[in-house]
Amino acid sequence: MFTISNFIGGNICNPISGHYLDNFEPATGKVYSLIPDSDHNDVAVAVEAAQKAFPYWSSLSIETRSVWLIKLADKIEEHLEQFAEAESKDNGKPITLARTMDIPRAVSNFKFFAHAITQFHSESHHMEGVGINYTLRQPIGVVGCISPWNLPLYLLTWKIAPALAAGNTVVAKPSEITPYTAFLLSKVCQEINFPAGVLNFVHGLGPKVGESICVHPSVKAISFTGGTSTGKRIASVAAPMFKKLSLELGGKNPNIIFADCDYEEMLATSVRSSFANQGQICLCGSRIFVERPLYEKFKTDFVARVSKLQVGDPMDNNTKTGAVVSEAHMNKVLSYIELAKAEGGTVITGGERANVPDRCAEGWFINPTVIEGLAYNCRTNQEEIFGPIVTIMPFDTEEEVLMYANSTDYGLAATLWTQNLSRAHRMAEKLASGIVWVNCWLVRDLRTPFGGVKNSGVGREGGMEALHFFTEAKNICISY
Ligand code: NDP
């Protein structure tokens, strides 16, 4: 048992109240560390530290800030194995996934924005015979970054890297369910003597710490990734204070498979896009629509592969499916399986808690589950479940599947499998979604805009979009 601490003003420190929360290892269901149960007092101290650091950090040259971000990236890379173990222990994800996806991506986030900021440019608008406008893109000040538990370091660094690169100082709140890698990052900051107060972590509960960050008058922008209902709450408290808001929220993504697809590629990728990270990636395709001539073959082959996914100890290198993140989340996911049955669905594989022996006997595991026979508009097919569950259903025409795909309140990502180029363009244009992958999934170019439409969010992250969000545009007009 060890204790995770806050990181404020360059110091690893205890919460002012002295109160702590239990931190569980999902694979064992047991408490393995304590985390600060911080409150508005800790947030106030962190904001003060960030305010104090802002004049120094924002006036550094872009090259110098870029070098600091590279130093952070290099240190995470140097400690990659330690970070991967921590992420797997804290979240329940297979260590192989943490090692090959989560932590390398955190490194890339810092490296990418270290370079992107050196290419960031502002605009000039010439008014012939009148004058010239030029636009400055200036850092905002202290910004708040609030991130979820599913990709803890990956999504946290996706926010703090552009915020820091653009010259802001940061008060961040990682999910209270997965705080470990943010704590390791604070140790990395100390190890490289990262300037004090530029990056601060306050650990604790969303309604206490998260909301205190959102309502603090000196925090000028909030970048949030998490559930749609939390996003709504944050907008309701921060918007009346006229803060800049970026909200990356939930999804209920369609995976649309036409009979003319590259079958092997589609099958292998669809297993991944359904169950990677136990289905707890906002981009996972949880509703699979298959063109009718292919439906029975797909169902047989897909179920055969899914039933072979090895559920096991996340620390085992052979494990493909680890634990879900918490007992409460496991119960929520299992309740959706019961709902699906009540709505007339048939579970064709999985459908229950998985038993993993020895040290994991009390862990929170669910067998990857495939359900068929549901209507497109039932609750199971409309609400975000965010676990190892997919539904499959046949379709006959493009119009029909577009209607199914676009029928939810969400619009984050969609996947499309077809060899027909015209159809791919036609469908991609009509899908109500911030991201469309054609014949692939989770292929990410960090320069591209990332975000959702409808209840999946407001604003875009990624590339220059993130640098625009984390800067304020000031237009200067000079008359001839
Ligand atoms: P939550 O919305 O529950 O939490 C996200 C973060 O917000 C956590 O740090 C949480 O703290 C904090 N929080 C909770 N309440 C408040 C509040 N009132 N004010 C400020 N902060 C608050 O999401 P989950 O952690 O459960 O993550 C899963 C969700 O995230 C899914 O809906 C998923 O789709 C979405 N997601 C979206 C992505 C995207 O890019 N669009 C990417 C990844 C996930 P605490 O942990 O203490 O509750």
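The values are calculated or read from the model by the stated rules, or taken from the named source; none is laboratory data. From a predicted model like this one, the values you see are computed outputs, not experimental measurements. As a convention, Cβ positions derive from the backbone with ideal geometry for all residues, glycine included, and neighbour counts pool all protein chains shown. What goes into the accessible areas is simple: the full protein's heavy atoms, side chains included, and nothing from ligands, DNA or RNA. Shrake-Rupley method; radii C 1.70, N 1.55, O 1.52, S 1.80 Å.
Brief remarks follow.
- Matching residues in segment 199-247 - criterion: being within 18 Å of residue 157 (Cα to Cα) and either of a type in the set (Ser, Thr, Tyr) or open to solvent by 30 Å² or more (accessible area, probe 1.4 Å) (or both): 223, 225, 245, 246
- Filter result for the condition that a residue is touching a strand residue (DSSP E or B) at 6+ places or on another chain (Cβ under 7 Å) and not basic (Lys, Arg), over 55, 104, 15: 15
- Counted residues, segment 248-268 - those being more than 22 Å from residue 426 (Cα to Cα) and open to solvent by 10 Å² or more (accessible area, probe 1.4 Å): 3
- Answer from 43, 31 - the residue that is in contact with a strand residue (DSSP E or B) (Cβ under 8 Å, 6 or more places away or on another chain), more than 17 Å from residue 278 (Cα to Cα) and buried (at least 16 other Cβ atoms within 10 Å of the Cβ): 43
- Condition met for residue 448 (in contact (Cβ under 8 Å) with a residue 40 or more places away in the chain, in the same structural domain as residue 291 (by TED's automatic domain parsing) and among the β-branched types (Val, Ile, Thr)): no
- Scanning segment 166-200 for residues that are more than 19 Å from the chain's Cα centre (by Cα) and part of a loop (DSSP other than H, G, I, E, B) yields 166, 167, 168, 192, 193, 194, 195, 196, 197, 198.
- Residue in segment 182-191 that is open to solvent by 10 Å² or more (accessible area, probe 1.4 Å) and either of a type in the set (Asp, Glu) or within 13 Å of the ligand (Cβ to nearest atom) (or both) present: yes
- Residue that is nearest to residue 335 (Cα to Cα) [pool: residues in segment 372-427 that are within 24 Å of the chain's Cα centre (by Cα) and exposed (fewer than 15 other Cβ atoms within 10 Å of the Cβ)]: 379
- Hey, residue 161 surrounded by 24 or more Cβ atoms within 10 Å (Cβ to Cβ) and in a helix (DSSP H, G or I) or not: yes
- Only a single item in (1) under 24 Å from residue 434 (Cβ atoms); (2) in the same structural domain as residue 95 (by TED's automatic domain parsing) is not met by residue 275, and it is number (2).
- Of the helices (runs of 4 or more DSSP H) lying entirely inside segment 201-311, the ones with 1 or more residues being within 11 Å of the ligand (Cβ to nearest atom) and in contact (Cβ under 8 Å) with a residue 24 or more places away in the chain are found at 211-215, 228-238.
- Some residue of segment 110-119 being farther than 20 Å from residue 185 by Cβ, touching a helix residue (DSSP H, G or I) at 6+ places or on another chain (Cβ under 6 Å) and polar (S, T, N, Q): yes
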